[in-house]
Amino acid sequence: MQPFRVLIVDDHHHAREGMRAILSMDPSFEVVAEGRSGEEAMSLTEEWMPDLILMDINMSPMDGLEAAKRIKDKFPYVKIVMVTVSDDITHLFEALKKGAQGYLMKNLNPQSWHEYLRAIALDEAPMSRELAYRLLQEFSQQQEKPEAVQSPITGREREILEWVAGGNSNREISEGLGISEHTVKNHLKNIMQKLQMENRVQLTRYVFEQGWLKDKKR
């Protein structure tokens, strides 16, 4: 298996150096380029075509949020993970809703980085339950809620989506529904293709907009 090609973007040299050092411990990852701004992230993505981008939020003149949006618009296949030193995930909601696949705290241990990034690269990473809960809180506070339209989702697919919105991993979904993890992965692949969505945050928003969680206790 070829290593995942990684682009690191952070305006602090020591932060980039630290991320490179962590990734060098795992042969699953190959750092192909480093950038210092949102603008460089865009040009380096086009030049190197990475599988995965690790990007800081607070950069200038273009921050990580705007860069994530522009990159996903042009290169939808690229996985983007926002990296932060703060546990305030308010700003990360915007990045996640714009297509970023997840977020990492810079102070996590290397093993946690490796496990999470492998799962992201393989489309297997669940949202944390805290993030799932806070996303649903934010969606529910929006003043204008779109009207639910007729869904193309089957009954089994809806069950899986409700588990996804609860922050469950593929393994937890398979155990909860009594089906194989491989079957869960296939269902999620089909659901994302059917809904033209790319990540679990977008699926969680869809579940909320359909009103499927309104009667559930969380």
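The values are calculated or read from the model by the stated rules, or taken from the named source; none is laboratory data. In this text the structure is predicted, and so the values were computed from the model without any measurement. Don't worry about glycine lacking a Cβ; one is built from the backbone with ideal geometry, like all the others, and counts go over all protein chains shown.
Numbers at a glance
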{"quantity": "Pairs, first surrounded by 17 or more Cβ atoms within 10 Å (Cβ to Cβ) and modelled with pLDDT of 95 or more in the range 1-22, second among the β-branched types (Val, Ile, Thr) and part of a helix (DSSP H, G or I), C-beta under 8 Å, six or more apart", "calculated": "7/45"}
{"quantity": "From the options 112, 140, residue that is over 15 Å from the mean Cα position of the chain (by Cα), at pLDDT below 70 and not in a loop (DSSP other than H, G, I, E, B)", "calculated": "140"}
{"quantity": "Subset of the range 79-124 [surrounded by fewer than 16 Cβ atoms within 10 Å (Cβ to Cβ) and free of Cβ contacts under 8 Å to residues at least 12 places away in the same chain]", "calculated": "86, 88, 90, 108, 109, 111, 112, 115, 122"}
{"quantity": "Which numbered condition residue 44 fails, given (1) more than 24 Å from residue 172 (Cβ to Cβ); (2) at pLDDT below 90", "calculated": "(2)"}
{"quantity": "Complete set of residues in the range 188-202 that are crowded, with 19+ Cβ neighbours inside 10 Å, of a type in the set (A, V, I, L, M, F, W, C) and either farther than 17 Å from residue 172 by Cα or in contact with a Leu (Cβ under 6 Å, 6 or more places away or on another chain) (or both)", "calculated": "191, 201"}
{"quantity": "Flag if residue 22 is in the same structural domain as residue 69 (by the TED database) and closer than 15 Å to residue 78 by Cα", "calculated": "no"}
{"quantity": "Candidate set: the range 36-78, residues that are among the hydrophobic types (A, V, I, L, M, F, W, C) and surrounded by fewer than 18 Cβ atoms within 10 Å (Cβ to Cβ); chosen: the one nearest to residue 93 (Cα to Cα)", "calculated": "62"}
{"quantity": "Selection from the range 185-204 of residues that are polar (S, T, N, Q) and under 16 Å from residue 94 (Cα atoms)", "calculated": "199, 202, 204"}
{"quantity": "Residues that are modelled with pLDDT of 95 or more and not in a helix (DSSP H, G or I), drawn from the range 155-166", "calculated": "none"}
{"quantity": "Helices (runs of 4 or more DSSP H) completely within the range 1-76 that count 2 or more residues being within 18 Å of residue 109 (Cα to Cα)", "calculated": "13-24"}
{"quantity": "Check on residue 68, of a type in the set (A, V, I, L, M), at pLDDT 90 or above and over 15 Å from the mean Cα position of the chain (by Cα)", "calculated": "no"}
{"quantity": "Check on residue 117, within 12 Å of residue 52 (Cα to Cα) and part of a helix (DSSP H, G or I)", "calculated": "yes"}
